[in-house]
Amino acid sequence: MPHTIIVIPCFDEAARLPVDAFADYLLENEGTDFVFVNDGSRDGTLDLLRDLERRAPQRICVIDQQPNHGKAEAVRVGMNAAFERGPQFAGYFDADLAAPLSEIARMRAVLESIPSVEVVLGARVQLMGRRIVRSRIRHYLGRVFATVASETLGLAVYDTQCGAKLFRVNPVVRELFAERFVGGWIFDVEILARRIAAGRERDLPEVAGAIYELPLDTWVDVAGSKVSGVDFLRAILAMWRIRGAYLRRGAVRPPSQS
(Lines give C-alpha, C1' and ligand atoms only; values in the text may rest on other atoms or scores of the structure.)
Protein backbone atom coordinates (compact mmCIF):
# COMPACT_ATOMS: atom_id res chain seq x y z
CA MET A 1 0.00 0.00 0.00
CA PRO A 2 1.34 3.51 -0.78
CA HIS A 3 2.70 5.31 2.24
CA THR A 4 0.35 8.08 3.40
CA ILE A 5 0.72 10.63 6.20
CA ILE A 6 -2.23 12.58 7.59
CA VAL A 7 -1.74 15.80 9.54
CA ILE A 8 -4.16 16.50 12.40
CA PRO A 9 -4.12 20.13 13.68
CA CYS A 10 -5.26 20.34 17.31
CA PHE A 11 -6.28 23.32 19.43
CA ASP A 12 -8.09 22.62 22.73
CA GLU A 13 -9.37 19.27 21.48
CA ALA A 14 -9.25 17.32 24.77
CA ALA A 15 -13.03 16.99 24.90
CA ARG A 16 -13.45 16.12 21.21
CA LEU A 17 -10.40 14.12 20.15
CA PRO A 18 -11.49 10.53 19.31
CA VAL A 19 -8.29 8.87 20.51
CA ASP A 20 -9.56 5.33 20.14
CA ALA A 21 -10.58 5.94 16.52
CA PHE A 22 -7.01 6.91 15.66
CA ALA A 23 -5.57 3.95 17.58
CA ASP A 24 -7.91 1.48 15.89
CA TYR A 25 -7.18 2.90 12.46
CA LEU A 26 -3.44 2.45 12.97
CA LEU A 27 -3.94 -1.22 13.79
CA GLU A 28 -6.01 -1.83 10.66
CA ASN A 29 -4.12 0.35 8.16
CA GLU A 30 -0.38 -0.21 8.05
CA GLY A 31 0.18 2.21 5.16
CA THR A 32 -0.99 5.35 6.97
CA ASP A 33 0.84 7.34 9.65
CA PHE A 34 -0.09 10.56 11.47
CA VAL A 35 1.45 13.89 12.39
CA PHE A 36 -0.43 15.67 15.18
CA VAL A 37 0.26 19.38 15.70
CA ASN A 38 -0.70 20.74 19.10
CA ASP A 39 -1.31 24.41 18.36
CA GLY A 40 -0.81 25.99 21.78
CA SER A 41 -3.69 24.14 23.44
CA ARG A 42 -4.65 25.31 26.94
CA ASP A 43 -6.35 22.08 28.04
CA GLY A 44 -5.19 18.47 28.19
CA THR A 45 -4.79 18.01 24.42
CA LEU A 46 -1.01 17.63 24.50
CA ASP A 47 -1.19 14.95 27.20
CA LEU A 48 -3.67 12.96 25.09
CA LEU A 49 -1.45 13.26 22.04
CA ARG A 50 1.68 12.19 23.92
CA ASP A 51 -0.19 9.14 25.24
CA LEU A 52 -1.29 8.26 21.71
CA GLU A 53 2.28 8.74 20.47
CA ARG A 54 3.55 6.26 23.06
CA ARG A 55 1.19 3.62 21.69
CA ALA A 56 2.78 3.78 18.21
CA PRO A 57 5.99 5.84 18.32
CA GLN A 58 7.11 4.72 14.85
CA ARG A 59 3.89 5.86 13.21
CA ILE A 60 2.81 8.91 15.19
CA CYS A 61 4.68 12.19 15.42
CA VAL A 62 3.51 14.92 17.81
CA ILE A 63 4.64 18.49 17.25
CA ASP A 64 4.05 20.92 20.11
CA GLN A 65 3.67 24.36 18.52
CA GLN A 66 3.89 27.15 21.08
CA PRO A 67 2.29 29.61 21.34
CA ASN A 68 -0.92 29.24 19.35
CA HIS A 69 -0.41 30.29 15.71
CA GLY A 70 -3.75 29.23 14.23
CA LYS A 71 -4.91 26.29 12.14
CA ALA A 72 -3.25 27.52 8.93
CA GLU A 73 0.23 27.48 10.43
CA ALA A 74 -0.44 24.22 12.30
CA VAL A 75 -1.34 22.53 9.02
CA ARG A 76 1.60 24.08 7.18
CA VAL A 77 4.09 22.99 9.85
CA GLY A 78 2.56 19.52 9.96
CA MET A 79 2.59 19.10 6.18
CA ASN A 80 6.26 20.11 5.96
CA ALA A 81 7.08 17.59 8.71
CA ALA A 82 5.15 14.97 6.75
CA PHE A 83 7.04 15.77 3.54
CA GLU A 84 10.34 15.16 5.32
CA ARG A 85 9.29 11.58 6.04
CA GLY A 86 8.99 10.81 2.32
CA PRO A 87 5.37 9.73 1.83
CA GLN A 88 3.74 9.24 -1.53
CA PHE A 89 0.62 11.07 -0.33
CA ALA A 90 0.04 13.57 2.50
CA GLY A 91 -3.00 15.47 3.66
CA TYR A 92 -4.91 16.80 6.61
CA PHE A 93 -8.13 15.98 8.46
CA ASP A 94 -9.96 17.85 11.22
CA ALA A 95 -9.18 16.54 14.70
CA ASP A 96 -12.83 15.82 15.56
CA LEU A 97 -13.05 13.42 12.57
CA ALA A 98 -16.24 14.97 11.25
CA ALA A 99 -14.95 13.23 8.13
CA PRO A 100 -14.06 9.71 9.32
CA LEU A 101 -10.67 8.19 8.60
CA SER A 102 -12.32 5.69 6.26
CA GLU A 103 -12.44 8.51 3.69
CA ILE A 104 -8.64 8.36 3.35
CA ALA A 105 -8.78 5.19 1.26
CA ARG A 106 -11.39 6.68 -1.10
CA MET A 107 -9.30 9.82 -1.60
CA ARG A 108 -6.11 7.85 -2.11
CA ALA A 109 -7.84 5.71 -4.75
CA VAL A 110 -8.44 8.84 -6.84
CA LEU A 111 -4.75 9.78 -6.72
CA GLU A 112 -3.76 6.23 -7.60
CA SER A 113 -6.10 5.99 -10.58
CA ILE A 114 -5.68 9.51 -12.07
CA PRO A 115 -1.97 10.46 -12.34
CA SER A 116 -2.72 14.07 -13.32
CA VAL A 117 -4.53 14.81 -10.03
CA GLU A 118 -2.41 16.58 -7.42
CA VAL A 119 -5.02 17.14 -4.72
CA VAL A 120 -8.29 15.51 -3.73
CA LEU A 121 -10.70 17.82 -1.92
CA GLY A 122 -13.40 16.26 0.21
CA ALA A 123 -16.77 17.84 -0.58
CA ARG A 124 -19.76 17.91 1.74
CA VAL A 125 -22.55 17.31 -0.76
CA GLN A 126 -25.93 16.19 0.53
CA LEU A 127 -26.70 13.34 -1.87
CA MET A 128 -28.89 10.29 -1.50
CA GLY A 129 -26.90 7.43 0.00
CA ARG A 130 -24.50 9.74 1.86
CA ARG A 131 -24.59 10.79 5.52
CA ILE A 132 -23.86 14.52 5.56
CA VAL A 133 -25.03 16.09 8.80
CA ARG A 134 -24.51 19.85 9.14
CA SER A 135 -26.32 22.63 10.96
CA ARG A 136 -28.55 24.60 8.64
CA ILE A 137 -26.83 27.92 9.36
CA ARG A 138 -23.35 26.51 8.75
CA HIS A 139 -24.52 24.92 5.52
CA TYR A 140 -25.96 28.16 4.13
CA LEU A 141 -23.02 30.29 5.27
CA GLY A 142 -20.78 27.72 3.65
CA ARG A 143 -22.64 27.95 0.35
CA VAL A 144 -22.29 31.75 0.31
CA PHE A 145 -18.59 31.47 1.09
CA ALA A 146 -18.08 28.75 -1.54
CA THR A 147 -19.70 30.94 -4.19
CA VAL A 148 -17.38 33.84 -3.38
CA ALA A 149 -14.36 31.51 -3.34
CA SER A 150 -15.32 29.97 -6.68
CA GLU A 151 -15.71 33.41 -8.29
CA THR A 152 -12.44 34.64 -6.79
CA LEU A 153 -10.46 31.62 -7.96
CA GLY A 154 -12.19 31.28 -11.31
CA LEU A 155 -12.72 27.59 -10.57
CA ALA A 156 -15.93 25.57 -10.32
CA VAL A 157 -15.00 24.42 -6.82
CA TYR A 158 -17.90 23.38 -4.58
CA ASP A 159 -16.37 23.15 -1.10
CA THR A 160 -12.97 24.70 -0.40
CA GLN A 161 -13.31 24.53 3.39
CA CYS A 162 -13.98 20.84 3.98
CA GLY A 163 -11.44 19.63 6.55
CA ALA A 164 -10.41 16.54 4.57
CA LYS A 165 -7.78 16.85 1.84
CA LEU A 166 -5.12 14.57 0.35
CA PHE A 167 -2.19 15.61 -1.86
CA ARG A 168 0.22 13.80 -4.14
CA VAL A 169 3.66 14.68 -2.76
CA ASN A 170 5.71 16.27 -5.55
CA PRO A 171 7.78 19.48 -5.90
CA VAL A 172 4.75 21.57 -6.89
CA VAL A 173 2.73 20.47 -3.85
CA ARG A 174 5.69 20.97 -1.51
CA GLU A 175 5.96 24.54 -2.73
CA LEU A 176 2.32 25.23 -1.83
CA PHE A 177 3.23 24.86 1.85
CA ALA A 178 6.67 26.51 1.77
CA GLU A 179 5.58 29.97 2.96
CA ARG A 180 3.22 31.15 5.68
CA PHE A 181 -0.34 31.82 4.61
CA VAL A 182 -1.70 35.38 4.49
CA GLY A 183 -5.42 34.53 4.56
CA GLY A 184 -5.84 33.07 8.06
CA TRP A 185 -8.28 30.18 8.42
CA ILE A 186 -9.25 30.30 4.73
CA PHE A 187 -5.80 28.97 3.86
CA ASP A 188 -7.53 26.22 1.85
CA VAL A 189 -8.51 28.88 -0.70
CA GLU A 190 -4.96 30.24 -0.59
CA ILE A 191 -3.53 26.81 -1.41
CA LEU A 192 -5.59 26.76 -4.60
CA ALA A 193 -4.62 30.36 -5.38
CA ARG A 194 -0.95 29.45 -4.98
CA ARG A 195 -1.39 26.56 -7.40
CA ILE A 196 -3.04 28.88 -9.93
CA ALA A 197 -0.18 31.39 -9.55
CA ALA A 198 2.44 28.64 -9.90
CA GLY A 199 0.78 27.41 -13.07
CA ARG A 200 0.77 30.89 -14.52
CA GLU A 201 4.42 31.48 -13.67
CA ARG A 202 5.82 28.12 -14.80
CA ASP A 203 3.40 26.90 -17.46
CA LEU A 204 2.23 23.92 -15.41
CA PRO A 205 -0.74 21.75 -16.45
CA GLU A 206 -4.16 23.36 -16.03
CA VAL A 207 -5.10 23.66 -12.37
CA ALA A 208 -8.64 22.39 -13.03
CA GLY A 209 -7.19 19.05 -14.11
CA ALA A 210 -4.95 18.86 -11.04
CA ILE A 211 -7.82 19.20 -8.55
CA TYR A 212 -10.49 16.58 -7.90
CA GLU A 213 -13.49 17.06 -5.60
CA LEU A 214 -14.74 13.85 -4.04
CA PRO A 215 -18.19 13.87 -2.41
CA LEU A 216 -17.69 12.38 1.04
CA ASP A 217 -19.69 9.36 2.13
CA THR A 218 -19.87 10.74 5.68
CA TRP A 219 -19.55 14.11 7.39
CA VAL A 220 -21.07 14.81 10.81
CA ASP A 221 -20.62 18.24 12.40
CA VAL A 222 -19.19 17.93 15.91
CA ALA A 223 -20.10 20.51 18.56
CA GLY A 224 -17.32 22.83 19.66
CA SER A 225 -16.17 24.37 16.37
CA LYS A 226 -14.00 27.47 16.83
CA VAL A 227 -15.37 29.14 13.67
CA SER A 228 -18.14 31.71 14.21
CA GLY A 229 -20.40 33.75 11.94
CA VAL A 230 -18.13 36.76 12.42
CA ASP A 231 -15.24 34.67 11.10
CA PHE A 232 -17.14 34.20 7.85
CA LEU A 233 -17.35 37.96 7.40
CA ARG A 234 -13.64 38.31 8.11
CA ALA A 235 -12.99 35.54 5.62
CA ILE A 236 -14.61 37.51 2.81
CA LEU A 237 -12.13 40.34 3.49
CA ALA A 238 -9.26 37.84 3.60
CA MET A 239 -10.36 36.63 0.18
CA TRP A 240 -9.45 40.03 -1.23
CA ARG A 241 -5.98 39.78 0.29
CA ILE A 242 -5.51 36.41 -1.37
CA ARG A 243 -6.76 37.76 -4.68
CA GLY A 244 -4.33 40.66 -4.51
CA ALA A 245 -1.39 38.46 -3.54
CA TYR A 246 -1.80 35.73 -6.15
CA LEU A 247 -4.57 36.25 -8.68
CA ARG A 248 -4.45 39.81 -10.02
CA ARG A 249 -2.53 40.26 -13.25
CA GLY A 250 1.03 41.08 -12.30
CA ALA A 251 0.56 40.00 -8.68
CA VAL A 252 3.71 38.82 -6.93
CA ARG A 253 3.74 36.18 -4.22
CA PRO A 254 4.39 37.58 -0.75
CA PRO A 255 7.91 36.98 0.58
CA SER A 256 8.58 34.03 2.83
CA GLN A 257 7.75 34.61 6.51
CA SER A 258 8.98 31.23 7.74
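The values are calculated or read from the model by the stated rules, or taken from the named source; none is laboratory data. Remember, it's a predicted structure, so these values are computed and weren't measured experimentally. As a convention, Cβ positions derive from the backbone with ideal geometry for all residues, glycine included, and neighbour counts pool all protein chains shown. Note: accessible area is taken over every heavy atom of the protein model, side chains too, but ligands, DNA and RNA are not part of it. Shrake-Rupley method; radii C 1.70, N 1.55, O 1.52, S 1.80 Å.
Neighbours of residue 103 by Cβ distance under 14 Å: Lys/Arg scored +1, Asp/Glu scored -1, total +1. Counting only protein heavy atoms and a 1.4 Å probe, region 9-121 has 40 square angstrom of accessible area per residue.
Remark: the residue 134-residue 68 segment gains 21.0 nm on full extension, using 0.36 nm per residue and subtracting the alpha carbon distance.
Treating only the Cβ atoms of Lys and Arg (+1) and Asp and Glu (-1) as charged, compute the dipole magnitude of the chain about its Cα centre; round to the nearest 20 debye.
Numbers: 33 positive and 33 negative charges, 184 e Å.
Charge dipole of the chain: 880 debye, to the nearest 20.
Kindly sort 221, 47 by accessible area of their heavy atoms, largest first, with the probe set to 1.4 Å.
47, 221
In the chain, the sites counted are GluC sites (Glu not before Pro) in DSSP loop states with at most 16 other Cβ atoms within 10 Å, and the longest stretch holding none of them, exclusive of the sites, is 31-178.
Indicate the gyration tensor shape class of the chain (rounded, prolate or oblate), computed on the Cα atoms with a ≥ b ≥ c the square roots of the eigenvalues: a/c under 1.5 is rounded; otherwise a/b larger than b/c is prolate and the rest oblate. Rounded is the answer for the chain, as its axis ratio a/c remains below 1.5.
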